[in-house]
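Peer 1: Before I ask anything, let me first share the structure, which is written out below as structure tokens.
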Number of protein chains: 4
Amino acid sequence: MDSLTELTHKLRDFARERDWDQFHSPKNLAMAMIVEAAELVEHFQWLTPEQSAALNTDKLEEVRQEIGDVLIYLTRLADQLGIDPVAAAHDKIVINAAKYPVELTRGSAAKFKNT
Amino acid sequence: MDSLTELTHKLRDFARERDWDQFHSPKNLAMAMIVEAAELVEHFQWLTPEQSAALNTDKLEEVRQEIGDVLIYLTRLADQLGIDPVAAAHDKIVINAAKYPVELTRGSAAKFKNT
Amino acid sequence: MDSLTELTHKLRDFARERDWDQFHSPKNLAMAMIVEAAELVEHFQWLTPEQSAALNTDKLEEVRQEIGDVLIYLTRLADQLGIDPVAAAHDKIVINAAKYPVELTRGSAAKFKNT
Amino acid sequence: MDSLTELTHKLRDFARERDWDQFHSPKNLAMAMIVEAAELVEHFQWLTPEQSAALNTDKLEEVRQEIGDVLIYLTRLADQLGIDPVAAAHDKIVINAAKYPVELTRGSAAKFKNT
């Protein structure tokens, strides 16, 4: 089974076993997701960009756990909304590729999308 | 190939073709990710939890694109750090399951983790 | 002296005494600020809107400290950029008042601005 | 009148005239505040720390407006909770000063608080 599908099912079971569906509205899950995103940001806030690319083992493990947390809530949110997050990402890349043609953007822009 | 692995590769190509690796430090990608997370939150900020679970088609498509954006930056960040985000999520679920045993948490807690 | 001016001066001294100006770029301070904002959001993530308006004394004190943290970083960021945050807020209200005339918006919109 | 008190009153009138108190639960206002905080972060995401300290006039004005937005929602949130944000900030500085004594922290730490 695809890895994200498997994760989705496991999280569904996890919430159902604890009777947590009552708390898992999209509104609440979006809040929980941004809180985890901020815990990830926190690890980097006082580092230079260079330092952020050279974390030691302990720090990397902490960051790894935060990435797990963000993915957990993002997956759970997408599931509650009936959205396939990977398909959504691929569709967004198509939009971004049209917006940022290779020939026009080499080194001149830093982003996947014009936010 | 697993869906998230495929997405990782595609994003790697996307950045390399545009010479964007220079901007994609973990620090910067974490910032970009939380900005996208906030665009997701924005859709829900004035809705009741119930309304957030009953989006119309247009709104749902907008939310879907934001979910794609968050996954794009989360995947890219994990790749730059050499982290497998799905494995990280599964490891986190094991930690959470120990912290929130089914028999103790039914309906009494709302979260996957003690944040 | 105006309360926010006084706070600005105190934070300036606090950072200088600890030699922290080197870390307080606007980029880093904006990251620190959103991390504190998320700690505030975390208190409300599983509450209903109604529950969020009826916090008990302990919770309210925790929330109060987070509000202090957000204001600390927002004030420090504004100071590093030479911006008066209160004047900025008043200017933004004028913009919002033009965008949301009273007669058109009574109860029909939930926000200060079209985000 | 103190500047932040005046801002509080103006925002109270603004919401009441539009019948928006119904939307302004602490939960919703915290969400709105972090969304504005993210719009501020977005301006800095691809900049180096040095570039973030040297914004051009147009960019600085955009950042100024976002700072105004964050302060608007922070002030509104504090008012709905009956909290004085400046007093909360001062109390937090006292806590931080005890946690980070000058003699121990010169240049060695980057933060106001142990987050």
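Peer 1: Counting only other chains, and only Cβ atoms inside 10 Å, what mean value do you get across the residues of B:46-56?
Peer 2: Values: counts 12, 8, 8, 12, 2, 3, 9, 7, 2, 2, 0.
Mean shielding count: 6.
Peer 1: Right, something else. Between copies, how far does the label point of C:Glu17 sit from its twins, in nm, shortest first, when each point is 7 Å from Cα along Cα→Cβ?
Peer 2: Ordered by increasing distance: 4.3, 5.1, 5.5 nm.
Peer 1: Tell me the Kirkwood radius of the protein assembly as shown: reciprocal of the mean inverse pair distance over distinct alpha-carbon atoms, in Å.
Peer 2: Working: mean 1/r = 0.0444 Å⁻¹.
Hydrodynamic radius (Kirkwood, Cα only) of the protein assembly as shown equals 22.5 Å.
Peer 1: Any idea of C:His90's accessible area? Nearest 10 Å², probe 1.4 Å.
Peer 2: That residue has around 30 Å² of solvent-accessible surface.
Peer 1: Using a label point 7 angstrom from Cα along Cα-to-C-beta, what distances in nm, from shortest up, separate D:Val94 from the other copies?
Peer 2: Inter-copy label distances (nm, one decimal, shortest first): 3.8, 4.7, 6.0.
Peer 1: Tell me the Kirkwood hydrodynamic radius of segment B:22-63 in angstroms, computed as one over the mean inverse distance between distinct C-alpha pairs.
Peer 2: Value: 11.8 Å, from the Cα pair sum.
Peer 1: Between copies, how close do the D:Asn56 label points come, placed 7 Å along Cα→Cβ, listed in nm from shortest?
Peer 2: When each copy's label point is compared with this one, the spacings are 4.0, 4.2, 5.5 nm.
Peer 1: A follow-up question, please. Rounded to the nearest 500 deg cm²/dmol, what is the calculated helix-only ellipticity per residue at 222 nm for chain B, with -39500 (n - 2.57) per DSSP H run of length n ≥ 4? Mind showing how you got there, number by number?
Peer 2: On the way: 6 runs with 82 residues, N = 115.
Rounded to the nearest 500, the figure is -23000 deg cm²/dmol.
Peer 1: A further question on this structure: Calculate one ³J(HN,Hα) per residue across segment C:45-56 by plugging θ = phi - 60° into the Karplus curve 6.51 cos²θ - 1.76 cosθ + 1.60, and present them in order as whole Hz with x for glycine and proline.
Peer 2: 4, 9, 8, 6, x, 5, 4, 5, 9, 9, 5, 7
Peer 1: Which is farthest toward the positive dipole end of chain D among D:Tyr100, D:Leu4, D:Gly68, measuring Cα position about the Cα centre, with Cβ charges +1 (Lys, Arg) and -1 (Asp, Glu)?
Peer 2: Projecting each Cα onto the dipole axis, the largest value belongs to D:Tyr100.
Peer 1: Efficiency by 1/(1 + (r/R0)^6): what FRET value for C:Met1 and C:Leu60, r their Cβ-Cβ distance, R0 = 30 Å, to the nearest 0.05? Kindly include the intermediate steps, with their values, before the conclusion.
Peer 2: Details: r = 28 Å, r/R0 = 0.94.
Between C:Met1 and C:Leu60 the formula returns 0.60.
Peer 1: Sticking with this one: Just the number please: accessible area per residue for the protein assembly as shown, 1.4 Å probe, all protein chains included, in Å². Let's see the in-between values first.
Peer 2: On the way: 18040 Å² over 460 residues.
On a per-residue basis, the protein assembly as shown sits at 39 Å².
Peer 1: Cα atoms only, segment C:33-115: Rg and Dmax in Å?
Peer 2: 16.0, 40
Peer 1: At 20 angstrom or more along the helix axis (alpha-carbon based) and mean Kyte-Doolittle of 0.0 or higher, what helices does chain D contain? Whole DSSP H runs only.
Peer 2: Length and hydropathy pass: D:26-44, D:85-99.
The values are calculated or read from the model by the stated rules, or taken from the named source; none is laboratory data. Everything numeric in this text was worked out from a predicted model, so none of it was measured. Counting neighbours? That spans all protein chains shown, and the Cβs are built from the backbone with ideal geometry, glycine included. Protein only, heavy atoms only, side chains kept; ligands, DNA and RNA dropped before computing areas. Shrake-Rupley method; radii C 1.70, N 1.55, O 1.52, S 1.80 Å.
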